[in-house]
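Colleague: Okay, handing you the structure first.
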Amino acid sequence: MRPMEIKKDFYWVGVVDWNLRDFHGYVTEKGTTYNAYLLKAGKTVLFDTVKAEFTSQLVDNIKELISPDKIDYIVVNHAEMDHTGALPEIINLVKPEKLICTKACRDALIAHFHREDWPFEIVKEGDVLDIGGKTIQSFGSAMIHWPDSMVSYIKEDKILVCNDIFGQHWATSERFDDEVEQGELYHQAAKYYANIFLPMSPAVRKFLEKLNKQSLQLEMLAGDHGVIWRRDVAGILKAYNSWASGETKPKAVIIYDTMWESTARMAAAVARGLAGDGISVKVFDLRFNNASDIMTDVLDARAVLLGSSLLNSGLLPRMAAMVAYMSGLRPANKIGAAFGSYGWSDMNVKLLKEAMEGMKFTIVDDGVSAQYVPTEEVLKRCVAMGEKIRKAILER
Ligand code: FEO
């Protein structure tokens, strides 16, 4: 894609990665973008770079606007390699006067690239850099996404160059939130939050409070993934406040894996018990659904029910992987319950409950297990468990 002026003298120079399908296990079925920005003022500043394999596209975009050696400063908001892979080559080309970043980012960059000789300029919370006609204020955003992360506020333009936060892994030719389909936009933003920022929710809350206290005027949130927020800045801030606070909806997510369809039959019975009273129910068979999509629904669900058969004294491998992934993402404020069938060792429900206790779920039922194939009586207990969870959802 070609560079685009998104506000006077402020340009998008990033790249679109149409083919990315996996981001550390996060299924990115619609690709992503690595956004980088160029600001022309008294000094010319490049904000962030791109993944290494796209370096030449970034260079082409910069060259369309300016000779790279005319760039004075490079701001590195975050050290992760989707934004710094191109940095060594860009530094060679630009020979910047300053490489502006946090101290933690400098340390991380040195640990990545082993170049102590780069012209690091460390910025602290609230530091203001006058670049001649424009000022850039730096705000730490530790753990959004890494300890080194920061955001850069261009005061005169009211633009927050915000790196990972408010992003979406979504490859589009459109650059702004008002140019894309809104349902898909918020779906991708929620998926991104659920699969990346969920465990950082305390840091996100702190960051949002900081933005509020600073009373920054925000006309654009120019992040490094997906589209730039300009029409609905308030909307995405509201969504982040809700997700970071662990707000939930009257919604239940059932996730299961099954060997001989017994646990599947139990899942259907649990869903039957849950349905009604305006409760939204989603059922995910792990044979046909991936963890990233499931987590998007877990994000705002009030109840999560896990079902698995027992295999070799453990959970079925797909459920074990799901539990490991979900545990790492630490969803908050969930009601939980477990079910599943076993052969000769009644361990599966116990293992699932232990996993949910580890995630601090509120377990409101002892769970239902069935030996081999559920009887009508067992299926009735599954329905009753669903009804009990429905009641707990409505009461919360
Ligand atoms: Fe998009 Fe934490 O990198």
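Colleague: State whether one or more residues within segment 147-159 are surrounded by fewer than 23 Cβ atoms within 10 Å (Cβ to Cβ) and over 21 Å from residue 75 (Cα atoms).
Modeller: Looking through segment 147-159, none of the residues is surrounded by fewer than 23 Cβ atoms within 10 Å (Cβ to Cβ) and over 21 Å from residue 75 (Cα atoms).
Colleague: Of 105, 162, which residue is within 16 Å of the ligand (Cβ to nearest atom) and either without any contact (Cβ under 8 Å) to a residue 60 or more places away in the chain or more than 28 Å from residue 53 (Cβ to Cβ) (or both)?
Modeller: Being within 16 Å of the ligand (Cβ to nearest atom) and either without any contact (Cβ under 8 Å) to a residue 60 or more places away in the chain or more than 28 Å from residue 53 (Cβ to Cβ) (or both) holds for just one of 105, 162, which is 105.
Colleague: Give the residue, chosen from 58, 46, that is crowded, with 24+ Cβ neighbours inside 10 Å and within 16 Å of the ligand (Cβ to nearest atom).
Modeller: 58
Colleague: Among the residues of segment 130-143, is there at least one that is at pLDDT 95 or above, open to solvent by less than 10 Å² (accessible area, probe 1.4 Å) and over 29 Å from the mean Cα position of the chain (by Cα)?
Modeller: yes
Colleague: Which of the residues spanning segment 318-331 are in contact (Cβ under 8 Å) with a residue 60 or more places away in the chain, more than 13 Å from residue 295 (Cβ to Cβ) and either aliphatic (A, V, I, L, M) or not in a helix (DSSP H, G or I) (or both)?
Modeller: 319 - this is the single residue of segment 318-331 that is in contact (Cβ under 8 Å) with a residue 60 or more places away in the chain, more than 13 Å from residue 295 (Cβ to Cβ) and either aliphatic (A, V, I, L, M) or not in a helix (DSSP H, G or I) (or both).
Colleague: Within segment 67-88, how many residues are within 12 Å of the ligand (Cβ to nearest atom) and more than 24 Å from residue 153 (Cβ to Cβ)?
Modeller: Residues that pass the stated criteria total 2.
Colleague: Restricting attention to segment 1-24, and to residues there that are assigned to a loop (DSSP other than H, G, I, E, B) and within 14 Å of the ligand (Cβ to nearest atom), which single residue is most open to solvent (accessible area, probe 1.4 Å)?
Modeller: Residues of segment 1-24 assigned to a loop (DSSP other than H, G, I, E, B): 1-3, 8-9, 13-14, 18-21, 24.
From what is left, the residues that are within 14 Å of the ligand (Cβ to nearest atom) are 14, 20, 24.
Working: 14: 1, 20: 17, 24: 138 Å².
Across segment 1-24, the extreme among qualifying residues is 24.
Residue by residue, here is whether (1) in contact with a strand residue (DSSP E or B) (Cβ under 9 Å, 6 or more places away or on another chain); (2) within 16 Å of the ligand (Cβ to nearest atom) holds:
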| position | (1), (2) |
| --- | --- |
| 193 | no, yes |
| 200 | no, yes |
| 203 | no, yes |
| 212 | no, no |
| 219 | yes, no |
| 231 | yes, no |
| 246 | no, no |
| 250 | yes, no |
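Colleague: Still on this structure, please answer the following. Within the set of pairs 6+ apart or on separate chains, which have a first residue in segment 179-190 that is closer than 14 Å to residue 297 by Cβ, a second that is surrounded by fewer than 16 Cβ atoms within 10 Å (Cβ to Cβ), and C-beta atoms under 9 Å apart?
Modeller: 186/235
Colleague: For segment 25-40, enumerate the residues that are surrounded by 19 or more Cβ atoms within 10 Å (Cβ to Cβ) and outside any strand (DSSP E or B).
Modeller: Passing the criteria: 28, 35, 36.
Colleague: If I ask for residues that are in a helix (DSSP H, G or I) and under 15 Å from residue 267 (Cα atoms), which ones from segment 355-387 would you list?
Modeller: 376, 377, 378, 379, 380, 381, 382, 383, 384, 385, 386, 387, listed by residue number.
Colleague: Name the residue, out of 394, 351, that is open to solvent by 60 Å² or more (accessible area, probe 1.4 Å) and not hydroxyl-bearing (Ser, Thr, Tyr).
Modeller: Going through 394, 351 in turn, just one is open to solvent by 60 Å² or more (accessible area, probe 1.4 Å) and not hydroxyl-bearing (Ser, Thr, Tyr): 394.
Colleague: Between a residue in segment 199-218 that is open to solvent by less than 50 Å² (accessible area, probe 1.4 Å) and any residue that is modelled with pLDDT under 95 and of a type in the set (S, T, N, Q), which pairs come within a Cβ distance under 7 Å, given they are 6 or more apart or on different chains?
Modeller: 207/141
Colleague: Tell me which residues, restricted to segment 89-126, are under 27 Å from the mean Cα position of the chain (by Cα), surrounded by fewer than 17 Cβ atoms within 10 Å (Cβ to Cβ) and assigned to a helix (DSSP H, G or I).
Modeller: Listed by number, the residues that qualify are 103, 107, 110, 111, 112, 113.
Colleague: Taking segment 354-378 as the region of interest, how many residues are surrounded by fewer than 19 Cβ atoms within 10 Å (Cβ to Cβ), more than 34 Å from the chain's Cα centre (by Cα) and closer than 19 Å to residue 272 by Cβ?
Modeller: Summing the residues that are surrounded by fewer than 19 Cβ atoms within 10 Å (Cβ to Cβ), more than 34 Å from the chain's Cα centre (by Cα) and closer than 19 Å to residue 272 by Cβ in segment 354-378 gives 4.
Colleague: Right, another one. Just to confirm my filter: which helices (runs of 4 or more DSSP H) fall fully inside segment 190-286 and include at least 3 residues that are of a type in the set (Lys, Arg)? If you could, list the steps in order and put the result at the bottom.
Modeller: Numbers: elements: 201-214, 233-244, 262-274.
In segment 190-286, 201-214 are the helices (runs of 4 or more DSSP H) which contain 3 or more residues that are of a type in the set (Lys, Arg).
The values are calculated or read from the model by the stated rules, or taken from the named source; none is laboratory data. Everything quoted here is computed from the prediction, not taken from an experiment. Backbone-built Cβ (ideal geometry, glycine too); neighbour counts: all protein chains shown. Each accessible area value is taken on the protein alone, full model and side chains, heavy atoms only, with ligands, DNA and RNA left out. Shrake-Rupley method; radii C 1.70, N 1.55, O 1.52, S 1.80 Å.
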